[in-house]
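Quick notes on the structure that follows.
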Amino acid sequence: MTYIKWFFILGFWGIMAATFHYTLPQRDVVYVQGTEIIRQDFSGINRLFYAQADTGNDGTTINRDLRLINTTDANGRIMVYRNEDTGFGWPPYFKLDSSNLQAEAQGATTVRAKPEWYIIKHYGWRNEFLTIYPNAISLKPVDGPDANIGLPWLNIVILTLFAAAFYAIWVRWRRFRIANIDPTIEEFQDNWEAAGDAVDAKRGRIRRWLGTWKAK
């Protein structure tokens, strides 16, 4: 039971950590190499990692155009971002301006010899095997690749509120368990032990009775 308990505990916290890591905003300092639009099929398992069609368009088709923003960071690492509306769905970024952001990215395109640096805010993961990309939220020009991206205050606030809510629920659950569940379990155990003692006592009387017959 101990292994099963820890399996569920670790599984729960692993899912929560992955959810927060995927959903909460992150910031990268990059320069934009270019933009493109590709035709993407959304019928596979990777469909879970895409948002939706632009707000107001038909979102039921299994394939549609996907805007991409191609970038490189100060270490030469290439990162490709998608540019999709989130609308009023999950995650709740209420992004409705993908076309405007694509125009900003096109205007921000520079070459390796003379890059112009931007902070790109995004959420999500990049995985080549699943063909998924983080979703760009905004672009902000900065002076250089060493620009200060600031503290992630929104992430800190959300995680703090989540921790406070979880702690409040855990405290109330612990009090409820101590007041109601633990006494019931102890009473059940006591009754079980008492029943076992009664069975043992009855077996002992039967053995003694059989012993008197053997003695005769």
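A few notes on this one:
- Pairs meeting the criteria (first residue in the range 89-110 and closer than 15 Å to HIS122 by Cβ, second residue part of a helix (DSSP H, G or I) and modelled with pLDDT of 95 or more, beta carbons under 8 Å, at least 6 apart or on different chains) are PRO91/THR23.
- Taken together, the residues in the range 112-129 that are among the hydrophobic types (A, V, I, L, M, F, W, C) and free of Cβ contacts under 8 Å to residues at least 40 places away in the same chain amount to 2.
- The set of residues in the range 29-49 that are aliphatic (A, V, I, L, M), in a strand (DSSP E or B) and either within 24 Å of the chain's Cα centre (by Cα) or at pLDDT below 80 (or both) contains only VAL29.
- Residue check, ILE132 assigned by TED's automatic domain parsing to the domain that holds SER99, touching a residue at least 40 places away in the same chain (Cβ under 8 Å) and within 19 Å of ALA103 (Cβ to Cβ): no
- Some residue of the range 152-168 being closer than 30 Å to ALA108 by Cβ and in contact with a strand residue (DSSP E or B) (Cβ under 8 Å, 6 or more places away or on another chain): yes
- In the range 63-85, the residues that are more than 11 Å from ALA136 (Cβ to Cβ) and in contact (Cβ under 8 Å) with a residue 12 or more places away in the chain reach residues that are in a loop (DSSP other than H, G, I, E, B) and of a type outside the set (A, V, I, L, M) with C-beta atoms within less than 6 angstrom, at least six apart or across chains, in these pairs: ALA74/PRO145; ASP85/ASP54; ASP85/THR55; ASP85/LYS95.
The values are calculated or read from the model by the stated rules, or taken from the named source; none is laboratory data. Since this is a predicted model, take the numbers as computed values, not measurements. Cβ sites come from the backbone with ideal geometry, for glycine too, and all protein chains shown count toward neighbours.
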